[in-house]
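The values are calculated or read from the model by the stated rules, or taken from the named source; none is laboratory data. Because the structure is predicted, anything quoted here is derived from the model rather than measured. Every residue, glycine among them, receives a Cβ derived from its backbone with ideal geometry; neighbour counts consider all protein chains shown.
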Amino acid sequence: MKRISITLTMLMAVITSVLAQNAKNIKINEVMTVNTSSIQDEFGSRLPWIELLNTSYSTYNVRNMYITTDTTVLDKNMSVTERVKRMSMIPNGSHKTILSAKEHLILFLNSTPSKGVTHLTARANIGKPTWIALYDGNAIDLIDSITIPPIKENTSFARIQDGADKWIVKNTDAVTPGISNFIQASETKIEKLKREDPNGIGITILCMGIVFTSLILLYLFFLIFGWVADRRSKLAAKQPIKPVVQTAKKLEKVRHVTTNILQDGFETRGRDKEIYIAVISLALKQYLDDVHDIESGTISIRPHNTEWGAHHSFNNSVNRS
């Protein structure tokens, strides 16, 4: 029996620890203390509101967690019973309290739970700083808290981005109840850069990275280019001179023939006119010098006996007989 009790105690401790870790993922994300033209509740009333955010990627039910604006609950000597009296518990019994990953929940302040699960009795101070806190279901563990400065009506005090540590006052047209906190549509890129990188550290690192990357690429380019040029020069030095000279001669011959064709047309086929003149002159010279072949006029044919003649003679003798 004693072992069972110890096991159950350890199991409850583990479960409590896991739940406490999950509860830490719930954050106060945005608060409006004076609402005259912002969102309305189910009854058309405009009440101060608080927005909770589940910053994790898992689902968590915020039922039975507590919201309070009473700073006296910070007294560590205060009993749990007395602390609960000064808090407003998030009611159970609705799917609205089950927050999926990155989901938001709007809870109305200065109201009464009889109006619904999103209505709390915790009060927002108008025109004065308001401390607002989120406690776990044991009313002991402080999950999140923030002090809202006095702000104008219909403006909100919100994290600059969902779950971010920095808070800002958001103008009426920038309030985002129930959705992700803003980057204004009218915000320019320069304004966004100033907001996200006020000290210029990010842009400095980016610029230095671009410069050094460019220098490295230039170094590699000239290194490879120099190596290729050196290889080509060495290969050219090893080539024999004779083929180059022969190639030059052939090119000169082709050029000469082509020039002749262009000048005299295709009838000469690129041959020099001097060649034709020389051939004709030689023929005239031989004619004038009476240099030509002397024929005897005698035709000599060496006899050649074949079987065809014999066969022909045989046929003739047979026919005669």
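Apart from one condition, Asp144 fits all of (1) in a strand (DSSP E or B); (2) over 17 Å from Thr71 (Cα atoms); the exception is (2). The single residue among Ala133, Ala122 that is outside any loop (DSSP other than H, G, I, E, B), under 16 Å from Asn64 (Cβ atoms), among the small types (Gly, Ala, Ser) and touching a residue at least 40 places away in the same chain (Cβ under 8 Å) turns out to be Ala133.
Every residue, every condition in (1) closer than 24 Å to Arg159 by Cα; (2) touching a residue at least 12 places away in the same chain (Cβ under 8 Å); (3) among the small types (Gly, Ala, Ser), yes or no:
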| position | (1), (2), (3) |
| --- | --- |
| Leu47 | yes, yes, no |
| Leu52 | yes, yes, no |
| Tyr66 | yes, yes, no |
| Thr72 | no, yes, no |
| Val84 | no, yes, no |
| Gly93 | no, yes, yes |
| Leu99 | yes, yes, no |
| Pro113 | no, yes, no |
| Gly116 | no, yes, yes |
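Name the residues in region 65-102 that are surrounded by 16 or more Cβ atoms within 10 Å (Cβ to Cβ) and farther than 23 Å from Ala124 by Cα, would you? Selection gives Leu99 alone.
Could you tell me whether Leu193 is over 28 Å from Ser37 (Cα atoms) and outside the structural domain of Val73 (by TED's automatic domain parsing)? When the stated conditions are applied, Leu193 passes them. In region 26-64, the qualifying residues are those that are among the hydroxyl-bearing types (Ser, Thr, Tyr) and closer than 21 Å to Thr112 by Cα, and the one that is surrounded by the fewest Cβ atoms within 10 Å (Cβ to Cβ) is Thr36.
Take the conditions under 21 Å from Pro91 (Cα atoms) and surrounded by 13 or more Cβ atoms within 10 Å (Cβ to Cβ) and apply them to Asn125. Does it pass?
no
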